[in-house]
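Step one of this worksheet: look at the structure below.
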Amino acid sequence: MLTRKELSAFFEKTVLLDGATGSNLQKAGMPRGCCTEEWILANPDKLVALQRKYAQAGSNILYAPTFQAQPIALERVNLHRQAEAINAQLVALTKSAAPDVLVAGNLTTLAAFCDSYDPEKFDLLVENYRVQIGGLLEGGADLLAAETLMYPQEAEAIFTAAELEGASAVLYTFTMQPDGSLFSGRDAAPVLQELEQAGACAVGFNCVAADSMTPGLVSRLKRYVKGPLVCKPNAGNPTIGPDNIPVYPMGSEEFAGIVADCAAMGAKVLGGCCGTTPAHIAAVKSRI
């Protein structure tokens, strides 16, 4: 795994992340509501094909599909005892798709499985993230990417777990409102500032609908964040399409224009979240 210093040096240039995984795998046949990690291990070729397209589009970092591969999340499909092995397998699978691209072990909020804002749940969060991080490191992750976080305590728990597991190359992104407030109501900017000061290699947002206001959000956050700022928005606001699957309306060129404006406002680590495709990432690359 990279050191904090090595990842910080990598972020001295503009870096392209990948785009959405789940929405693209659904197009490739993944049933809605299934355990994504379990389905990918049964259909590895679908993930490898998608990630190779992201690498070809220009992604410098691919996120391993370990979004909800924590024991508490895998318990619903009785795979919690295999959590560490599942994380290792999914990182190794991503590394096989694009050996020359950095691979991030992906972690996320546990709000769907416990009251992750409750101080009494802190030890539970740390325990779950430690198991996951152990597997991510075993699989050969180059860095960790904690995304779609909802509460500061989740970031603190990941920070603690990463330190205990000896992982220092970590970036953190929260989902937030367009005005820069977390869904808990707290202002995101000071939270990102605190994480950066504590040693995060990069901080920012993901899963925010890209629109004309997104560059303004970057500008506001950048007044607090001195280092690399992560900008990983959705392809607009979704509507519900056939089979109750969300449809994201924003095309690749419109999306790339917004992300390019975000880069002009100071965002340094760029990618896409829900609804984005390799075409969106390729369009961003052509603009930056």
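The values are calculated or read from the model by the stated rules, or taken from the named source; none is laboratory data. These numbers come from a predicted model, not from an experiment. With ideal geometry, Cβ positions are generated from the backbone for all residues, glycine too; neighbour counts draw on all protein chains shown.
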Please tell me if GLN89 is closer than 20 Å to ALA49 by Cβ and part of a helix (DSSP H, G or I).
-> yes
- [ ] Might you let me know whether segment 67-76 holds any residue that is surrounded by fewer than 23 Cβ atoms within 10 Å (Cβ to Cβ) and assigned to a loop (DSSP other than H, G, I, E, B)?
- [x] yes
In segment 239-253, anything touching a Gly at 6+ places or on another chain (Cβ under 8 Å) and under 25 Å from SER286 (Cβ atoms) is listed as VAL247, TYR248, PRO249, MET250
Of those in segment 1-34 that are under 30 Å from ILE245 (Cβ atoms) and polar (S, T, N, Q), the residue surrounded by the fewest Cβ atoms within 10 Å (Cβ to Cβ) is GLN26
**Prompt:** Could we say that PRO65 is in contact with an Asp or Glu (Cβ under 9 Å, 6 or more places away or on another chain), under 23 Å from VAL230 (Cβ atoms), modelled with pLDDT of 95 or more and not basic (Lys, Arg) here?
**Reply:** yes
Per the filter on segment 271-288, residues among the β-branched types (Val, Ile, Thr) and assigned to a loop (DSSP other than H, G, I, E, B) are THR276, THR277, ILE288
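Table: residues versus (1) buried (at least 18 other Cβ atoms within 10 Å of the Cβ); (2) under 26 Å from LYS46 (Cβ atoms); (3) touching a Cys at 6+ places or on another chain (Cβ under 6 Å).
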| position | (1), (2), (3) |
| --- | --- |
| SER96 | no, yes, no |
| LEU102 | yes, yes, no |
| THR108 | yes, yes, no |
| ALA111 | no, no, no |
| PRO119 | no, no, no |
| LEU125 | yes, no, no |
| LEU136 | yes, yes, no |
| LEU149 | yes, no, no |
| THR160 | no, no, no |
Of the residues in segment 243-255, those that are modelled with pLDDT of 95 or more and crowded, with 24+ Cβ neighbours inside 10 Å come to PHE255
